[in-house]
Amino acid sequence: MNYRWIILLQWFNLSNKTVGYTDYKEMLRIEKPHLVSICTESGKHAQIALDCIESGSHLIIEKPIALSLQEADDIIKKAEEKNIKVCACHQNRFNKSVQKMREQLEKGAFGKLLHGTANIRWNRGENYYKQSDWRGTWEQDGGALMNQCIHNIDLLHWMMGDEIVEVIGMTDNLKHDYIEAEDLGLALVKFANGSYGIIEGTTNIYPSNLEETLYIFGEHGTVKIGGKSVNKIEEWIFKDDSDVLEDVKTQYNEDPPTVYGFGHTPLYKDVIDAIVTDREPYVTAKGGRRALELVLAIYKSAAEGKSIKLPLEKCSTNNFIGRFNK
């Protein structure tokens with residue numbers, strides 16, 4: 001038993017009888033797991049996912065679902081062929097505050113959607129990137145938008161409308177000259193329903209994580225969810241609603257110890273129930289693909305200096321290798 005596996009056993013309070021593998025294909029062959037969670041480098045998600053699907057394992061894939069649209073499409077197609085459940089791990093959808101906002105949206109309390117904004121103002125320094133040499137690379141990761149910001153980008157996309165028609169983006173690497181990808185991304189998004197989205201994502205905030213906020217503005221409602229990771233309702237105003245802001249805060253605000261929040265547990269429970277009852281997970285592979293497509297569209301717009309029409313058929317983070325070479 002190697003040192004790394006001993007640490008994992010201690011961290012998760014697992015029995016010494018727990019078997020560890022350094023080759024996931026061997027694990028699939030011997031253990032034949034019912035459900036697999038893929039938490040590797042982003043650039044390895046797709047191949048591992050395809051191998052797991054082929055072996056008959058249902059999946060939870062950490063964000064992003066893949067680093068290219070072709071890979072995401074391959075996962076979706078193969079899962080459908082094999083009747084395998086695939087969940088993209090966008091756990092913030094399960095935040096109490098986000099669920100309350102979604103409830104209002106689904107019952108039409110916002111009225112016509114006008115625009116929404118996703119602001120991710122975080123900090124990542126050199127020590128973070130030195131922990132793993134794949135971080136910040138185009139081949140295995142991407143930059144701030146793909147890694148840190150994709151959760152809130154997913155929420156904006158999910159709330160404002162699943163179909164996007166146009167994206168205008170700008171990206172830059174302002175202070176992380178030791179990584180290949182961006183540390184700042186800004187975008188304007190036009191949804192098919194006529195609403196708009198604004199995205200601001202950065203890992204340059206001094207001296208530490210500041211906030212992750214989501215605003216939704218409709219003709220009859222305004223909501224702001226803030227905190228370090230969209231876990232606190234800060235504004236709640238509706239034309240035809242009796243909920244009082246302070247009451248909503250009391251019931252739906254959370255204070256997680258980290259930016260990862262409390263969403264993983266309900267997400268895992270949902271996937272298990274989806275397998276048992278043979279339904280789609282709450283967060284599907286197609287939902288993961290939509291978040292991936294939006295980030296790639298921002299990258300493409302920034303690189304080409306023009307607006308990008310959606311849908312995209314082919315695009316990959318590898319298309320942007322050398323983008324910020326000095």
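The values are calculated or read from the model by the stated rules, or taken from the named source; none is laboratory data. Only a predicted model underlies this, so the values are computations on that prediction, with no experimental measurement involved. Neighbour counts run over all protein chains shown; Cβ positions are idealised from the backbone, glycine included. The accessibility values were calculated without ligands, DNA or RNA, using every heavy atom of the protein model including side chains. Shrake-Rupley method; radii C 1.70, N 1.55, O 1.52, S 1.80 Å.
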Helices (runs of 4 or more DSSP H) completely within the range 238-326 that count 1 or more residues being more than 28 Å from Asn83 (Cβ to Cβ) and charged (D, E, K, R): 245-252, 285-304
Any hit, the range 239-253, residues being surrounded by 17 or more Cβ atoms within 10 Å (Cβ to Cβ), modelled with pLDDT of 95 or more and not aromatic (Phe, Trp, Tyr): yes
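Taking the range 79-107 only, how many residues are closer than 19 Å to His34 by Cα, among the basic types (Lys, Arg) and either touching a strand residue (DSSP E or B) at 6+ places or on another chain (Cβ under 9 Å) or in contact (Cβ under 8 Å) with a residue 60 or more places away in the chain (or both)?
Final tally of qualifying residues: 1.
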Contacts under 7 angstrom Cβ, first residue in the range 1-30 being within 27 Å of Leu50 (Cβ to Cβ) and surrounded by 11 or more Cβ atoms within 10 Å (Cβ to Cβ), partner acidic (Asp, Glu) and at pLDDT below 90, 6 or more apart: none
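Look through the range 170-204, keep the residues that are in a strand (DSSP E or B) and among the aliphatic types (A, V, I, L, M), and return whichever of them is surrounded by the most Cβ atoms within 10 Å (Cβ to Cβ). Before the answer, list the steps.
Of all residues in the range 170-204, those in a strand (DSSP E or B) come to 170-172, 184-191, 196-202, 204.
Then drop every residue that is not among the aliphatic types (A, V, I, L, M), which leaves 170, 184, 186-189, 198-199.
Working: Met170: 14, Leu184: 19, Leu186: 17, Ala187: 25, Leu188: 17, Val189: 27, Ile198: 15, Ile199: 25.
Here the residue is Val189.
Please find, within the range 265-306, the residue that is most open to solvent (accessible area, probe 1.4 Å) out of those that are polar (S, T, N, Q) and within 18 Å of the chain's Cα centre (by Cα).
Narrowing the range 265-306 to residues polar (S, T, N, Q): 265, 277, 284, 301.
When the remaining residues are screened for being within 18 Å of the chain's Cα centre (by Cα), the result is 265, 284.
On the way: Thr265: 83, Thr284: 30 Å².
Once the filter is applied, the top-ranked residue is Thr265.
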Filter result for Gly142 (crowded, with 24+ Cβ neighbours inside 10 Å, assigned to a loop (DSSP other than H, G, I, E, B) and either out of contact with any Pro (no Cβ under 7 Å at 6 or more places or on another chain) or at pLDDT 95 or above (or both)): yes
Of residues in the range 307-321 being hydrophobic (A, V, I, L, M, F, W, C) and open to solvent by less than 20 Å² (accessible area, probe 1.4 Å), the one nearest to Gln148 (Cα to Cα): Phe320
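Table: residues versus (1) assigned to a strand (DSSP E or B); (2) crowded, with 18+ Cβ neighbours inside 10 Å.
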site	(1), (2)
Asp74	no, no
Glu81	no, no
Ile84	no, yes
Cys87	yes, yes
Ser97	no, yes
Lys100	no, yes
Ala109	no, yes
Ser42 being hydroxyl-bearing (Ser, Thr, Tyr), open to solvent by less than 40 Å² (accessible area, probe 1.4 Å) and modelled with pLDDT of 95 or more: yes
Some residue of the range 216-236 being open to solvent by less than 60 Å² (accessible area, probe 1.4 Å), charged (D, E, K, R), in a strand (DSSP E or B) and in contact (Cβ under 8 Å) with a residue 60 or more places away in the chain: no
